[in-house]
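One structure is given below, encoded as structure tokens.
The values are calculated or read from the model by the stated rules, or taken from the named source; none is laboratory data. No experiment lies behind these values; they were computed from the predicted model shown. Cβ coordinates were reconstructed from backbone atoms using ideal geometry, including for glycine residues, and neighbour counts include every protein chain displayed.
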Amino acid sequence: MTKTNVILLFGGNSTEHEISILSARNIARAIDSQLFNIIPIGIDQHGTWYLKTQTELDSEKHVLPNDHIISLSPGAHEHKIIRQKTQKSIGRVDVAFPIVHGTNGEDGSLQGLLKILDIPCVGPGVIGSALCIDKEVAKRLLNEAQIPNAPFLSYLKSERNQIKFEFALEKLGMPMYVKPPNLGSSVGISKVTTKHEFEAAIDLAFRYDQKVLIEQNISGREIECAIIGNHDISASKVGEVITMTENHSFYSYEAKYLDAQGSKTRIPADINSDVQKNIQNIAIKTYKTLCCKGMARVDVFVSPDNKIWVNEVNTLPGFTNISMYPKLWEASGIPYTELITKLIHLALEQASIERMNDTQLK
Ligand SMILES: Nc1ncnc2c1ncn2[C@@H]1O[C@H](COP(=O)(O)OP(=O)(O)O)[C@@H](O)[C@H]1O
Ligand SMILES: [Mg+2]
């Protein structure tokens with residue numbers, strides 16, 4: 001049987017560069033080698049693509065330069081990906097598993113590039129990725145679908161002088177969350193309680209983004225639900241993120257990555273089964289509303305009265321040993337290796353549907 005050739009794309013220029021490498025290493029280790037060949041491609045922090053060996057993937061903390069810079073060839077059938085130096089093709093590529101978080105990886109750009117190359121891609125395509133990366137656009141669509149999410153205000157950078165603390169306070173109450181809507185890893189996010197903190201938080205958010213999102217605080221548990229599927233969509237059992245509130249006022253960058261004791265996860269969450277069912281239904285509705293395909297992790301807040309508020313959707317969640325997405329599926333009866341096989345098959349299924357549509361248009 002011919003094996004499916006999978007390019008595993010990792011690294012990239014986000015704050016999650018190292019996490020991405022850990023995820024890629026795990027995927028390469030766990031993938032079913034009877035079915036798939038892995039071709040590792042590392043993207044360094046400047047955006048250059050390198051063909052990597054398994055040893056490089058296993059040993060490098062950051063994607064380091066080597067002699068095998070890659071060029072891409074849109075429109076080519078067999079030789080889409082070539083080594084720049086020798087102009088030789090790396091061989092047939094059947095599917096891509098991009099595990100590149102944040103800007104250029106998770107926002108639709110990489111998905112668009114792969115689409116132009118006619119390479120099927122694990123996870124949501126251009127539209128789903130782009131809608132989920134922009135929390136403000138996502139929230140407007142959630143509102144239209146009547147999916148509860150934190151009330152908010154948003155402003156463009158050019159509207160800086162229209163942002164008034166008193167107005168935001170009256171609309172949203174205290175505390176408020178101020179965010180750059182297109183980022184992840186809690187970078188640039190502040191929880192504010194005073195006018196002084198509010199102004200500083202707005203300026204900080206504008207250092208990272210052209211827009212700012214100001215949200216009402218939702219007090220409650222932070223619950224995450226893993227979703228899989230293209231048209232036949234399933235939700236996993238839910239998990240919980242518990243932040244050590246003695247040291248961190250929310251699930252901040254420090255609590256996520258710097259402080260080993262900053263937070264912990266509980267998988268599955270200790271939660272009433274009706275509430276879990278409700279979260280799963282809302283997560284699937286959210287996934288559909290935001291045009292997701294393949295997979296996503298939907299993060300919600302559950303307030304003490306068991307009301308569910310969608311916080312955000314991650315379209316390329318982590319795949320490290322301790323990452324929530326694969327752990328939730330494991331807890332729901334799908335082991336890691338089988339999960340990877342399913343995700344790749346979904347990518348191939350989705351691409352064949354899209355190719356069929358494309359040929360009908362010709
Ligand atoms: N409206 C909100 N109410 C309560 N907590 C919030 C709110 N928005 C964000 N947070 C806290 O900030 C963390 C990071 O915010 P989030 O929007 O998930 O950004 P990121 O994409 O960087 O993970 C959340 O996990 C939560 O702890
Ligand atoms: Mg988050």
**Study point:** Ala138 part of a helix (DSSP H, G or I), buried (at least 20 other Cβ atoms within 10 Å of the Cβ) and more than 16 Å from ligand 2 (Cβ to nearest atom)
**Key:** no
Check your understanding: Picking from Asp274, Asp299, which residue would you name as being within 16 Å of ligand 2 (Cβ to nearest atom) and of a type in the set (Asp, Glu)?
Key -> Asp299
Practice item. Could you please find all residues in the range 18-35 being within 16 Å of Thr103 (Cα to Cα) and surrounded by fewer than 22 Cβ atoms within 10 Å (Cβ to Cβ)? Key: Glu18, Ile19
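Restricting to the range 263-275, give me the number of residues that are assigned to a helix (DSSP H, G or I) and either under 22 Å from the mean Cα position of the chain (by Cα) or more than 13 Å from Phe301 (Cα to Cα) (or both).
Narrowing the range 263-275 to residues assigned to a helix (DSSP H, G or I): 273-275.
Of the ones still in play, those that are also either under 22 Å from the mean Cα position of the chain (by Cα) or more than 13 Å from Phe301 (Cα to Cα) (or both) are 273-274.
Total satisfying the criteria: 2.
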Review point. Phe319 is checked against (1) within 16 Å of ligand 2 (Cβ to nearest atom); (2) modelled with pLDDT under 95; (3) not in a helix (DSSP H, G or I) and fails just one. What number does that condition carry?
Key: (1)
Exercise for review: Just one of (1) assigned to a strand (DSSP E or B); (2) under 30 Å from Leu172 (Cα atoms) trips up Ile228, so point out which.
Suggested key: (2)
Check your understanding: Does the range 308-321 include one or more residues that are more than 21 Å from Asn149 (Cβ to Cβ), free of Cβ contacts under 8 Å to residues at least 60 places away in the same chain and touching a helix residue (DSSP H, G or I) at 6+ places or on another chain (Cβ under 6 Å)?
Key -> no
Review point. Does any residue in the range 20-44 that is of a type in the set (Phe, Trp, Tyr) come within less than 9 Å, Cβ to Cβ, of a residue that is part of a strand (DSSP E or B) six or more places away or on a different chain, and which pairs are these?
Key: Phe36/Thr4; Phe36/Asn5; Phe36/Val6; Phe36/Val95
Check your understanding: Being farther than 20 Å from His345 by Cα and either among the acidic types (Asp, Glu) or in a loop (DSSP other than H, G, I, E, B) (or both), is that true of even one residue in the range 23-44?
Key -> yes
Check your understanding: Considering only the range 101-129, how many residues are in contact with a Pro (Cβ under 7 Å, 6 or more places away or on another chain), assigned to a loop (DSSP other than H, G, I, E, B) and surrounded by fewer than 24 Cβ atoms within 10 Å (Cβ to Cβ)?
Key -> 1
Point to revise | Verdict on Ile41 being under 20 Å from the mean Cα position of the chain (by Cα) and not assigned by TED's automatic domain parsing to the domain that holds Asn321 | key: yes
Review point. Taking the stated definitions as given, is Asn161 of a type in the set (S, T, N, Q) and within 16 Å of ligand 1 (Cβ to nearest atom)?
Key: no
Revision key, fill the gap. Of (1) at pLDDT below 95; (2) away from ligand 1 (no atom under 11 Å from the Cβ), Tyr253 fails just (2)
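The rows are residues; the columns are (1) out of contact with any Phe, Trp or Tyr (no Cβ under 6 Å at 6 or more places or on another chain); (2) part of a helix (DSSP H, G or I); (3) of a type in the set (Phe, Trp, Tyr); (4) within 14 Å of ligand 1 (Cβ to nearest atom).
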position	(1), (2), (3), (4)
Ile147	yes, no, no, no
Leu153	yes, no, no, yes
Glu170	yes, yes, no, no
Met174	yes, no, no, yes
Tyr177	yes, no, yes, yes
Pro181	yes, no, no, yes
Glu197	yes, yes, no, no
Ala200	yes, yes, no, no
Review point. Here are some conditions: (1) touching a Cys at 6+ places or on another chain (Cβ under 7 Å); (2) modelled with pLDDT under 95. Gly188 meets all but one. Which one does it not meet?
Key: (1)
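Test of understanding: among Arg92, Arg83, which residue is surrounded by fewer than 17 Cβ atoms within 10 Å (Cβ to Cβ) and touching a His at 6+ places or on another chain (Cβ under 6 Å)?
On the way: Arg92 fails: touching a His at 6+ places or on another chain (Cβ under 6 Å).
When all the criteria are applied, what remains is Arg83.
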